[in-house]
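The next block holds one structure in the form of C-alpha coordinates; read it before the comments.
The values are calculated or read from the model by the stated rules, or taken from the named source; none is laboratory data. For clarity, every value in this text was computed on a predicted model and none was experimentally measured. Here the Cβ positions follow ideal geometry from the backbone for every residue, glycine too, while neighbour counts run over all protein chains shown. The accessibility values were calculated without ligands, DNA or RNA, using every heavy atom of the protein model including side chains. Shrake-Rupley method; radii C 1.70, N 1.55, O 1.52, S 1.80 Å.
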Amino acid sequence: MQLDPSRGYDLIGDVHGCANTLVRLLERMGYRRQDGVWRHPQRMAIFLGDLIDRGPRIREAVHLVHDMVRAGEALCIMGNHEFNALGWMTPAPPGSGRTFVREHTARHERLIGETLRQFEAYPDEWRDMLAWFYEMPLFLDAGHFRVVHACWDEDMIASLRQQFPDGCIDEHFLQASAVPGSYACTVLDRLLRGTDMRLPGGLTMTSSDGFTRSFFRTKFWAGNPLTYGDVQFQPDPLPEQVACMPLSAEDKARLLTYGPELPPLFVGHYWRSGTPAPICPNIACLDYSAVMYGKLVAYRLDQETRLDPAKFVWVEVEKPEPLQ
(Lines give C-alpha, C1' and ligand atoms only; values in the text may rest on other atoms or scores of the structure.)
Protein backbone atom coordinates (compact mmCIF):
# COMPACT_ATOMS: atom_id res chain seq x y z
CA MET A 1 0.00 0.00 0.00
CA GLN A 2 1.32 3.42 -0.94
CA LEU A 3 1.03 5.98 1.83
CA ASP A 4 1.81 9.67 1.59
CA PRO A 5 5.47 9.92 2.70
CA SER A 6 5.01 13.57 3.66
CA ARG A 7 2.23 12.82 6.15
CA GLY A 8 2.71 11.98 9.81
CA TYR A 9 1.34 8.68 11.13
CA ASP A 10 0.29 7.75 14.66
CA LEU A 11 0.69 4.00 15.21
CA ILE A 12 -1.63 2.77 17.99
CA GLY A 13 -1.34 -0.52 19.88
CA ASP A 14 -3.93 -3.12 20.88
CA VAL A 15 -7.13 -1.42 22.08
CA HIS A 16 -9.09 -4.53 23.24
CA GLY A 17 -12.30 -2.63 23.89
CA CYS A 18 -10.77 0.21 25.93
CA ALA A 19 -12.78 2.86 24.06
CA ASN A 20 -12.64 5.57 26.73
CA THR A 21 -8.87 5.19 26.99
CA LEU A 22 -8.58 5.41 23.21
CA VAL A 23 -10.49 8.69 23.25
CA ARG A 24 -8.08 10.05 25.87
CA LEU A 25 -5.09 8.99 23.77
CA LEU A 26 -6.50 10.57 20.61
CA GLU A 27 -7.21 13.79 22.49
CA ARG A 28 -3.67 13.84 23.86
CA MET A 29 -2.33 13.60 20.30
CA GLY A 30 -4.49 16.50 19.02
CA TYR A 31 -7.33 14.56 17.39
CA ARG A 32 -10.80 16.11 17.67
CA ARG A 33 -14.25 14.66 17.01
CA GLN A 34 -15.82 16.37 14.00
CA ASP A 35 -19.00 15.18 12.25
CA GLY A 36 -18.93 12.03 14.39
CA VAL A 37 -15.35 11.06 13.43
CA TRP A 38 -12.03 11.57 15.21
CA ARG A 39 -9.72 13.57 12.93
CA HIS A 40 -6.34 15.28 12.92
CA PRO A 41 -5.57 18.15 10.52
CA GLN A 42 -2.18 16.76 9.44
CA ARG A 43 -1.87 13.17 10.66
CA MET A 44 -3.43 9.73 10.20
CA ALA A 45 -3.88 6.96 12.78
CA ILE A 46 -2.82 3.38 12.06
CA PHE A 47 -4.23 0.72 14.39
CA LEU A 48 -2.27 -2.49 14.90
CA GLY A 49 -5.29 -4.78 15.29
CA ASP A 50 -6.93 -6.46 18.30
CA LEU A 51 -9.70 -3.92 18.67
CA ILE A 52 -12.01 -6.55 20.16
CA ASP A 53 -12.27 -8.97 23.11
CA ARG A 54 -11.77 -8.65 26.85
CA GLY A 55 -12.47 -4.93 27.34
CA PRO A 56 -15.43 -3.01 28.75
CA ARG A 57 -16.45 -1.05 25.60
CA ILE A 58 -15.65 -3.28 22.64
CA ARG A 59 -18.58 -2.19 20.49
CA GLU A 60 -17.75 1.50 21.00
CA ALA A 61 -14.08 0.94 20.20
CA VAL A 62 -14.85 -0.97 17.00
CA HIS A 63 -17.26 1.72 15.81
CA LEU A 64 -14.80 4.51 16.60
CA VAL A 65 -12.01 2.93 14.55
CA HIS A 66 -14.35 1.74 11.78
CA ASP A 67 -15.72 5.28 11.35
CA MET A 68 -12.19 6.72 11.21
CA VAL A 69 -11.17 4.20 8.55
CA ARG A 70 -14.30 4.81 6.46
CA ALA A 71 -13.66 8.57 6.61
CA GLY A 72 -10.04 8.16 5.47
CA GLU A 73 -8.67 9.28 8.85
CA ALA A 74 -7.17 5.91 9.84
CA LEU A 75 -6.01 2.50 8.69
CA CYS A 76 -6.34 -0.72 10.67
CA ILE A 77 -4.58 -4.04 10.14
CA MET A 78 -5.93 -7.41 11.30
CA GLY A 79 -4.98 -8.76 14.70
CA ASN A 80 -5.27 -12.34 15.86
CA HIS A 81 -8.48 -11.49 17.72
CA GLU A 82 -10.22 -10.25 14.55
CA PHE A 83 -9.03 -13.41 12.81
CA ASN A 84 -10.32 -15.47 15.76
CA ALA A 85 -13.73 -13.81 15.49
CA LEU A 86 -13.97 -14.63 11.79
CA GLY A 87 -12.90 -18.21 12.53
CA TRP A 88 -15.44 -18.55 15.34
CA MET A 89 -18.29 -17.53 13.02
CA THR A 90 -17.19 -19.45 9.89
CA PRO A 91 -17.93 -23.15 9.20
CA ALA A 92 -14.85 -25.26 8.63
CA PRO A 93 -14.40 -26.93 5.22
CA PRO A 94 -15.41 -30.58 4.80
CA GLY A 95 -12.70 -33.01 5.81
CA SER A 96 -10.93 -30.63 8.20
CA GLY A 97 -12.20 -32.49 11.26
CA ARG A 98 -13.73 -29.31 12.69
CA THR A 99 -17.19 -27.77 12.77
CA PHE A 100 -15.90 -24.20 12.73
CA VAL A 101 -12.56 -22.76 11.63
CA ARG A 102 -11.97 -21.80 15.26
CA GLU A 103 -13.21 -24.59 17.46
CA HIS A 104 -15.90 -23.68 19.99
CA THR A 105 -13.96 -24.74 23.07
CA ALA A 106 -14.44 -23.27 26.54
CA ARG A 107 -11.11 -21.47 26.28
CA HIS A 108 -11.97 -19.89 22.93
CA GLU A 109 -15.42 -18.91 24.18
CA ARG A 110 -13.84 -17.20 27.16
CA LEU A 111 -11.75 -15.03 24.84
CA ILE A 112 -14.54 -13.96 22.49
CA GLY A 113 -17.43 -14.12 24.94
CA GLU A 114 -17.43 -10.45 25.94
CA THR A 115 -17.40 -9.32 22.31
CA LEU A 116 -20.36 -11.54 21.47
CA ARG A 117 -22.28 -10.30 24.52
CA GLN A 118 -21.74 -6.64 23.64
CA PHE A 119 -22.95 -7.17 20.06
CA GLU A 120 -25.74 -9.61 21.00
CA ALA A 121 -28.49 -7.00 20.65
CA TYR A 122 -26.97 -5.69 17.41
CA PRO A 123 -26.72 -8.69 15.04
CA ASP A 124 -26.73 -6.57 11.88
CA GLU A 125 -23.85 -4.46 13.23
CA TRP A 126 -21.88 -7.58 14.12
CA ARG A 127 -22.37 -8.97 10.62
CA ASP A 128 -21.17 -5.67 9.14
CA MET A 129 -18.11 -5.62 11.38
CA LEU A 130 -17.19 -9.20 10.46
CA ALA A 131 -17.32 -8.16 6.80
CA TRP A 132 -15.08 -5.20 7.66
CA PHE A 133 -12.55 -7.49 9.33
CA TYR A 134 -11.90 -9.03 5.91
CA GLU A 135 -10.92 -5.56 4.68
CA MET A 136 -8.15 -5.36 7.29
CA PRO A 137 -4.83 -6.24 5.64
CA LEU A 138 -2.47 -8.64 7.39
CA PHE A 139 0.37 -6.14 6.92
CA LEU A 140 1.20 -2.68 5.61
CA ASP A 141 4.45 -1.90 3.82
CA ALA A 142 4.69 1.86 3.33
CA GLY A 143 8.26 1.72 2.12
CA HIS A 144 9.73 3.89 4.87
CA PHE A 145 7.96 1.86 7.59
CA ARG A 146 6.11 -1.44 8.05
CA VAL A 147 3.24 -2.65 10.20
CA VAL A 148 2.16 -6.18 11.17
CA HIS A 149 0.35 -7.44 14.24
CA ALA A 150 2.97 -9.89 15.52
CA CYS A 151 5.81 -10.84 13.16
CA TRP A 152 7.28 -9.65 9.88
CA ASP A 153 8.35 -12.70 7.91
CA GLU A 154 9.75 -11.41 4.62
CA ASP A 155 9.43 -14.69 2.70
CA MET A 156 5.87 -15.39 3.86
CA ILE A 157 4.73 -11.86 3.10
CA ALA A 158 6.31 -11.97 -0.36
CA SER A 159 4.50 -15.24 -1.04
CA LEU A 160 1.21 -13.93 0.34
CA ARG A 161 1.41 -10.81 -1.85
CA GLN A 162 1.28 -13.01 -4.95
CA GLN A 163 -2.17 -14.24 -3.92
CA PHE A 164 -3.40 -11.13 -2.07
CA PRO A 165 -1.51 -8.02 -3.27
CA ASP A 166 -3.32 -5.78 -0.79
CA GLY A 167 -2.75 -8.18 2.12
CA CYS A 168 -6.48 -8.80 2.66
CA ILE A 169 -7.49 -12.46 2.83
CA ASP A 170 -10.84 -13.94 1.81
CA GLU A 171 -13.17 -16.52 3.34
CA HIS A 172 -11.64 -19.35 1.32
CA PHE A 173 -8.19 -18.61 2.76
CA LEU A 174 -9.68 -18.34 6.24
CA GLN A 175 -11.36 -21.73 5.85
CA ALA A 176 -8.14 -23.27 4.56
CA SER A 177 -6.46 -22.23 7.83
CA ALA A 178 -8.65 -24.76 9.67
CA VAL A 179 -6.25 -27.49 8.53
CA PRO A 180 -3.24 -27.62 10.88
CA GLY A 181 0.04 -27.25 9.02
CA SER A 182 -1.59 -25.85 5.88
CA TYR A 183 -0.08 -22.84 4.14
CA ALA A 184 -2.95 -20.62 5.29
CA CYS A 185 -2.65 -21.83 8.89
CA THR A 186 1.11 -21.26 8.89
CA VAL A 187 0.90 -17.74 7.43
CA LEU A 188 -1.83 -16.56 9.77
CA ASP A 189 -0.14 -18.04 12.82
CA ARG A 190 3.21 -16.45 11.94
CA LEU A 191 1.98 -12.95 11.07
CA LEU A 192 -0.72 -12.68 13.73
CA ARG A 193 0.80 -14.64 16.62
CA GLY A 194 4.56 -14.60 16.03
CA THR A 195 7.32 -17.18 16.15
CA ASP A 196 7.68 -19.80 18.83
CA MET A 197 10.02 -22.53 20.02
CA ARG A 198 9.38 -25.76 21.85
CA LEU A 199 10.63 -25.98 25.42
CA PRO A 200 13.49 -28.52 25.61
CA GLY A 201 13.20 -31.98 27.13
CA GLY A 202 9.42 -32.18 26.95
CA LEU A 203 9.04 -29.42 29.57
CA THR A 204 5.90 -27.33 29.89
CA MET A 205 5.13 -24.04 31.60
CA THR A 206 1.91 -22.57 32.99
CA SER A 207 1.41 -18.94 32.07
CA SER A 208 -0.18 -16.20 34.14
CA ASP A 209 -3.46 -16.71 32.29
CA GLY A 210 -3.62 -20.30 33.54
CA PHE A 211 -2.77 -22.18 30.34
CA THR A 212 -0.09 -24.85 30.21
CA ARG A 213 2.08 -24.69 27.11
CA SER A 214 5.01 -26.58 25.65
CA PHE A 215 6.03 -23.65 23.39
CA PHE A 216 7.13 -20.10 24.13
CA ARG A 217 7.09 -16.97 21.96
CA THR A 218 10.42 -15.88 20.50
CA LYS A 219 12.08 -12.76 19.15
CA PHE A 220 12.33 -12.53 15.37
CA TRP A 221 15.21 -10.05 15.40
CA ALA A 222 17.79 -11.51 17.82
CA GLY A 223 21.23 -10.90 16.33
CA ASN A 224 23.42 -13.56 17.90
CA PRO A 225 21.44 -15.35 20.62
CA LEU A 226 23.22 -17.94 22.75
CA THR A 227 20.56 -19.19 25.19
CA TYR A 228 16.83 -19.80 25.31
CA GLY A 229 16.51 -16.72 27.49
CA ASP A 230 18.10 -14.60 24.75
CA VAL A 231 15.21 -15.30 22.36
CA GLN A 232 12.23 -15.39 24.76
CA PHE A 233 9.68 -12.62 24.07
CA GLN A 234 6.55 -12.97 26.15
CA PRO A 235 5.25 -11.67 29.49
CA ASP A 236 5.82 -14.95 31.34
CA PRO A 237 9.49 -15.72 32.06
CA LEU A 238 10.99 -19.07 31.16
CA PRO A 239 11.81 -21.48 33.98
CA GLU A 240 15.27 -20.59 35.28
CA GLN A 241 16.79 -23.89 34.25
CA VAL A 242 15.59 -23.32 30.69
CA ALA A 243 16.53 -19.65 30.31
CA CYS A 244 20.25 -20.33 30.74
CA MET A 245 20.36 -23.41 28.48
CA PRO A 246 22.34 -22.96 25.23
CA LEU A 247 20.51 -22.95 21.91
CA SER A 248 21.42 -25.73 19.52
CA ALA A 249 22.57 -25.00 15.98
CA GLU A 250 19.21 -26.32 14.76
CA ASP A 251 17.36 -23.92 17.07
CA LYS A 252 19.37 -20.98 15.76
CA ALA A 253 18.81 -22.00 12.15
CA ARG A 254 15.04 -21.82 12.64
CA LEU A 255 15.06 -18.26 14.01
CA LEU A 256 13.93 -15.38 11.83
CA THR A 257 15.94 -12.18 11.59
CA TYR A 258 14.79 -8.61 10.97
CA GLY A 259 18.00 -6.81 10.19
CA PRO A 260 18.98 -3.41 11.60
CA GLU A 261 19.18 -1.97 8.07
CA LEU A 262 15.46 -2.60 7.39
CA PRO A 263 12.71 0.05 7.72
CA PRO A 264 11.10 0.76 11.11
CA LEU A 265 8.63 -1.97 12.02
CA PHE A 266 5.64 -1.64 14.36
CA VAL A 267 3.96 -4.62 16.04
CA GLY A 268 1.42 -5.15 18.82
CA HIS A 269 0.37 -8.44 20.41
CA TYR A 270 3.02 -9.07 23.06
CA TRP A 271 1.62 -7.64 26.35
CA ARG A 272 4.60 -5.53 27.33
CA SER A 273 4.91 -3.50 30.54
CA GLY A 274 7.04 -0.66 31.86
CA THR A 275 7.99 2.54 30.06
CA PRO A 276 7.32 2.38 26.29
CA ALA A 277 10.54 2.37 24.28
CA PRO A 278 11.96 0.74 21.13
CA ILE A 279 12.94 -2.91 21.51
CA CYS A 280 15.73 -2.23 19.03
CA PRO A 281 16.53 0.84 16.88
CA ASN A 282 14.07 -0.14 14.14
CA ILE A 283 11.37 -2.19 15.96
CA ALA A 284 8.67 -1.01 18.34
CA CYS A 285 6.02 -3.08 20.10
CA LEU A 286 3.04 -0.88 20.99
CA ASP A 287 1.02 -3.39 23.03
CA TYR A 288 1.43 -2.39 26.67
CA SER A 289 -1.42 -4.42 28.17
CA ALA A 290 -4.07 -1.69 28.08
CA VAL A 291 -6.92 -4.04 28.95
CA MET A 292 -4.98 -5.28 31.99
CA TYR A 293 -4.73 -1.72 33.38
CA GLY A 294 -1.44 -1.05 31.63
CA LYS A 295 -0.97 1.65 28.99
CA LEU A 296 -2.51 2.39 25.61
CA VAL A 297 0.50 3.41 23.53
CA ALA A 298 1.14 5.22 20.25
CA TYR A 299 4.24 6.13 18.31
CA ARG A 300 4.20 9.42 16.36
CA LEU A 301 6.12 8.63 13.18
CA ASP A 302 7.38 11.25 10.78
CA GLN A 303 10.34 10.71 8.45
CA GLU A 304 12.82 9.14 10.84
CA THR A 305 14.55 5.89 9.88
CA ARG A 306 15.48 5.03 13.47
CA LEU A 307 12.97 5.13 16.29
CA ASP A 308 13.06 7.99 18.77
CA PRO A 309 12.13 7.09 22.38
CA ALA A 310 10.75 10.62 22.84
CA LYS A 311 8.03 9.99 20.24
CA PHE A 312 6.13 7.36 22.22
CA VAL A 313 2.88 8.72 23.66
CA TRP A 314 0.61 6.89 26.08
CA VAL A 315 -2.18 7.09 28.60
CA GLU A 316 -2.48 4.96 31.69
CA VAL A 317 -5.60 2.80 31.85
CA GLU A 318 -7.49 3.72 34.96
CA LYS A 319 -8.98 1.08 37.21
CA PRO A 320 -12.64 1.71 38.10
CA GLU A 321 -13.27 3.09 41.53
CA PRO A 322 -14.06 0.31 44.04
CA LEU A 323 -17.61 0.21 45.34
CA GLN A 324 -18.00 1.66 48.82
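In a fully extended conformation the segment linking ASN224 and GLU304 would gain 26.2 nm over its present Cα-Cα distance, using 0.36 nm per residue. A crude spin-label estimate for the pair THR204 and ARG110, with each label 7 Å from Cα along the Cβ direction, gives 1.4 nm.
Its DSSP H runs of at least 4 residues, each contributing -39,500 (n - 2.57), put the calculated 222 nm mean residue ellipticity of the chain at -8500 deg cm²/dmol, to the nearest 500. Report the FRET efficiency, 1/(1 + (r/R0)^6), for ALA71 and GLN241, where r is their Cβ-Cβ distance and R0 is 51 Å, rounded to 0.05. Efficiency computed from Cβ-Cβ geometry: 0.45.
Packing here is the average count of other Cβ atoms within 10 Å per residue, and on that basis the peptides 48-54, 228-234, 93-99, 309-315, highest first, run 48-54, 228-234, 309-315, 93-99. Can you pull out the GluC sites (Glu not before Pro) in region 69-175 whose DSSP state is coil and whose Cβ has at most 10 other Cβ atoms within 10 Å? Answer by residue number: GLU120.
Bridgeable lysines around LYS252 (alpha carbons under 20 Å apart, same-chain partners fewer than 8 residues away excluded): LYS219. Rolled with a 1.4 Å probe across the full set of protein chains, the surface gives MET197 an accessible area near 10 Å².
Once the Cβ-Cβ distance of LEU262 and GLU318 is raised to the sixth power relative to R0 = 56 Å, the FRET efficiency obtained is 0.90. For the pair region 272-324 / region 98-152, the C-alpha centres are spaced 22 Å from each other.
With the simple spin-label model, which puts each label point 7 Å out from Cα in the Cβ direction, the GLU135 to TYR183 separation comes to 2.8 nm.
Before anything else, pin down the relative contact order of region 222-261: Cα pairs under 8 Å, at least 6 apart, normalised by residue count, whole percent.
Working: 27 pairs, mean separation 16.9, N = 40.
Rounded, it is 42 percent for region 222-261.
Only protein atoms count toward the accessible area here, which uses a 1.4 Å probe; on region 196-255, the carbon and sulfur part of that area reaches 52 percent. Straight-line reach from LYS311: taking Cα to Cα under 22 Å and skipping same-chain neighbours fewer than 8 places apart, the lysines in range are LYS295.
Hey, got a sec? Which GluC sites (Glu not before Pro) in region 271-324 land in a DSSP loop and have at most 14 other Cβ atoms within 10 Å? The qualifying sites are GLU304, GLU318. Rounded to the nearest 20 debye, the dipole magnitude of region 196-255 is 160 debye, with +1 charges on Lys and Arg beta carbons, -1 on Asp and Glu beta carbons, and the Cα centre as origin.
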